[in-house]
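Let me begin by presenting the structure, written as structure tokens, before commenting on it.
The values are calculated or read from the model by the stated rules, or taken from the named source; none is laboratory data. Values in this document were obtained by computation on a predicted structure and should not be read as measured data. No Cβ is skipped: glycine too gets one built from the backbone with ideal geometry, and neighbour counts run over all protein chains shown. In case anyone asks, the SASA skips ligands and DNA or RNA and just uses the protein heavy atoms, side chains included. Shrake-Rupley method; radii C 1.70, N 1.55, O 1.52, S 1.80 Å.
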Amino acid sequence: MILVTGATGNVGREVVQALARAGEPVRALVRRPADLPAEQAVGDLDRPESLAPALDGVRGVFLLPGYRDMPGLLTRMRESGVERVVLLSSLATVATDTDNVLSAYMIGSETAVRESGLAWTFLRPNAFMSNALRWLPQLRAGDVVRDSFGTVPVASVDPYDIAGVAVRALLDPGHEGRVYPLSGPEPLLPARRLAVLADVLGRDLRFHDLSDEEGRADMAAAGVPEPYIRAFFGFYGDGTLDESQVYPTVERVTGAPPRTFHQWATAHRASFT
Ligand SMILES: NC(=O)c1ccc[n+]([C@@H]2O[C@H](COP(=O)([O-])OP(=O)(O)OC[C@H]3O[C@@H](n4cnc5c(N)ncnc54)[C@H](OP(=O)(O)O)[C@@H]3O)[C@@H](O)[C@H]2O)c1
């Protein structure tokens with residue numbers, strides 16, 4: 001039995017679907033019952049003691065990072081019989097300013113998994129294609145999308161492909177102790193991603209690149225805590241994180257090339273209409 005955490009989220013939902021399609025026994029960890037094609041167990045990753053029913057009979061876990069007590073969580077998993085963990089980490093772990101809060105959060109989770117005594121695989125994706133869903137409120141209000149980092153190319157990755165790699169690492173031998181950087185097939189500027197979305201939606205959309213001051217103010221107004229704002233501006237403003245690189249990992253592990261942003265936008269068209 002595989003337990004999938006974050007099962008209602010962008011990546012976890014794809015992992016649940018991929019395991020269900022493959023006919024593998026899969027259980028989705030949820031905080032409240034959801035519409036998913038799998039058995040569900042209710043639990044909270046910030047309260048390891050709530051996970052006993054979810055962990056019953058589980059051998060492999062797809063794990064998201066950053067919960068309150070990662071070492072305690074992993075000890076509980078090991079003691080209940082879990083053997084293997086695939087951790088969704090981030091390329092932020094190799095940014096040059098690893099003391100920034102987002103890198104620290106990922107590095108802390110990787111360290112806890114390394115020290116857990118469980119077999120592990122780390123997935124270190126670039127930014128997700130699904131981050132374009134953050135444009136939804138602006139796209140409902142009009143045809144202009146205002147966003148930061150307009151000159152930063154990112155080879156963003158489809159959660160579908162992250163899930164494809166996760167499933168192979170959960171089910172097949174040979175992935176233990178491996179660290180997988182994951183990207184999509186090409187680096188794109190945000191304006192280019194918006195142009196692809198415009199094409200798929202049949203709309204005339206325009207990108208407005210925010211100044212740093214505007215970008216910081218927008219994030220603060222959206223409730224992003226100041227250390228996170230500093231972290232994003234460190235990565236993409238100061239350039240301490242390079243997400244423009246394309247990696248061969250998705251195709252090597254899954255046998256299929258990574259999906260394009262056009263494919264992601266087409267698959268998620270309904271979310272934008
Ligand atoms: N976005 C990016 O570009 C990017 C890049 C690299 C890495 N990452 C990392 O990837 C991870 C997953 O991203 P995503 O987009 O799939 O996430 P998401 O769509 O925001 O979903 C988060 C999931 O975690 C669940 N969750 C949150 N707190 C929980 C708790 N205490 N106990 C149990 N479940 C809990 C949520 O469940 P509910 O339905 O109950 O809320 C939801 O299923 C994030 O941790 C992020 O740091 C993101």
Which loop chymotrypsin sites (Phe, Trp or Tyr not before Pro) in the range 188-267, with loop taken from DSSP, have no more than 11 other Cβ atoms within 10 angstrom of their Cβ? none
Starting from 0.36 nm per residue, how many nanometres of slack lie between LEU133 and PHE272 once their C-alpha separation is accounted for? 49.2 nm
What is the sum of charges around LEU45, taking Lys and Arg as +1, Asp and Glu as -1, for the other residues whose C-beta is under 10 Å from the C-beta of LEU45? 0
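With the cut-off at 1.5 for a/c, could you classify the range 1-158 from its C-alpha gyration tensor as rounded, prolate or oblate?
Working: a/c = 2.15, a/b = 1.39, b/c = 1.55.
Taking the square roots of the gyration eigenvalues as a ≥ b ≥ c, the range 1-158 is oblate.
By the scheme Lys and Arg +1, Asp and Glu -1, what is the net charge of all other residues having a beta-carbon under 14 Å from that of ALA222?
Working: positive: ARG134, ARG146, ARG216; negative: ASP147, GLU214, ASP218, GLU226.
Surrounding charge for ALA222 is -1.
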What residue among ALA256, ALA20, ALA127 has the largest mean-square fluctuation in a Gaussian network model of the chain, using Cα springs under 10 Å? ALA256
Please identify every one of the GluC sites (Glu not before Pro) in the range 164-238 that sits in a loop by DSSP and has no more than 16 other beta carbons within 10 Å of its own beta carbon. GLU176
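Whole number in Å², please: accessible area per residue of the chain, 1.4 Å probe, ligands, DNA and RNA not counted.
On the way: 12460 Å² over 273 residues.
With the other protein chains kept in place, the chain gives 46 Å² per residue.
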Principal axis lengths of the range 109-162 from Cα atoms, whole Å, largest first? 51, 23, 19
Vicinal HN-Hα couplings computed from phi for the range 245-256 (Karplus, 6.51 cos²θ - 1.76 cosθ + 1.60; Hz; Gly/Pro x): 6, 9, 10, x, 4, 4, 5, 4, 7, 9, x, 10
Here the FRET efficiency for THR111 versus ASP238, based on Cβ atoms and R0 = 22 Å and rounded to 0.05, is 0.35
Which is the longest run of the chain containing none of the trypsin sites (Lys or Arg not before Pro) found in DSSP loop states (not H, G, I, E, B) with at most 15 other C-beta atoms within 10 Å? 69-202
So what is the relative contact order for the chain, in percent, with contacts set as C-alpha pairs under 8 Å and at least six apart? 18
How big is the chain in terms of Cα radius of gyration and Dmax, in angstroms? 18.7, 55
Specify the inter-centroid distance of the range 153-230 and the range 2-62, based on alpha-carbon positions, in whole Å. 24
